[in-house]
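The next block holds one structure in the form of structure tokens; read it before the comments.
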Amino acid sequence: MKTFFAALLVLFSQAGVIWAAVPEPAVVPRAGDWTLDAAFEHPQLIEVRYKKHAQAKRFWYMIITVVNKTNREVGFYPKCELMTDTFEIIPSGKDVTPAVFELIKTRHISRYPFLEQLEKVDNKVLVGEDNARDIAVIWPDFDAKAKGMKLFMSGLSNETAVIDHPVAKDKDGQAIKVFLRKTLELSYSVGGDPALRSAARLKYENRRWIMR
């Protein structure tokens with residue numbers, strides 16, 4: 001038991017070092033750096049029944065609108081992960097069939113007639129409001145025991161940073177380099193009875209840019 005708690009202390013102390021060493025996004029962008037404007041609708045729950053008598057499967061989705069207000073076309077290679085406070089990490093698009101996206105698209109067709117799925121979005125964003133992209137980000141349902149979750153979306157900026165890993169070394173004994181990207185973080189608390197998942201509620205907590 002003492003060995004177990006000692007290992008935990010080492011793990012948390014290393015995490016603290018890593019956190020302290022991680023840089024924050026630049027207040028004033030460097031020459032050549034860009035960040036897309038991003039507006040979003042909070043995540044919603046949707047149930048999909050594939051067969052008449054099959055149990056419905058639950059998914060969460062968020063719609064995000066990105067606008068390029070820079071002076072040039074930019075490359076767009078977005079990724080998004082959902083992470084719960086129970087340490088479950090789910091990449092967007094996991095186990096998401098085309099039927100799920102089509103149902104979401106139909107639900108929002110009047111407001112987002114050109115809605116795209118994140119994993120199939122075109123890899124460039126043209127300049128201007130007229131070229132805004134409406135994107136659906138979809139995950140399968142997460143741990144019902146979770147009381148909080150965060151969404152991390154990268155690819156909205158080309159700002160990067162490099163830090164030394166505080167523990168891992170290469171064959172020459174040099175610290176391994178860790179590459180970080182400017183990432184949008186959205187935080188939510190999760191309410192409702194875990195046994196009544198269809199009634200789960202999310203409460204928006206915070207939005208910020210981090211290096212991850």
Across 5 Å bins from the origin, how do the percents of Cα pairs in segment 2-211 run, short distances first?
1, 6, 12, 15, 17, 15, 12, 9, 6, 3, 1, 0, 0
With the crude spin-label approximation of a point 7 Å out along Cα→Cβ, what separation in nm comes out for residue 161 versus residue 201?
3.7
Which of 51/150; 57/120; 94/177 have a Cα-Cα distance over 24 Å?
51/150; 94/177
Enumerate the amide H contacts of residue 68 below 5 Å, restricted to partners 5 or more residues apart or on another chain; note that Pro and chain-start residues carry no placed amide H.
128
Let me have the relative contact order for the chain, percent, based on Cα pairs under 8 Å that are six or more residues apart.
21
In this structure, the FRET efficiency calculated for residue 86 and residue 111 from their beta-carbon separation, with R0 = 35 Å, to the nearest 0.05, is 0.60
Cross-link reach from residue 171 to aspartates and glutamates, straight Cα distance under 15 Å and at least 8 residues apart if same chain, gives none
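Throughout, read-outs are computed from the coordinates displayed, never taken from laboratory work. Computed from a predicted model, the values in this text were never measured in an experiment. All Cβ positions, glycine included, derive from the backbone under ideal geometry; neighbour counts span all protein chains shown.
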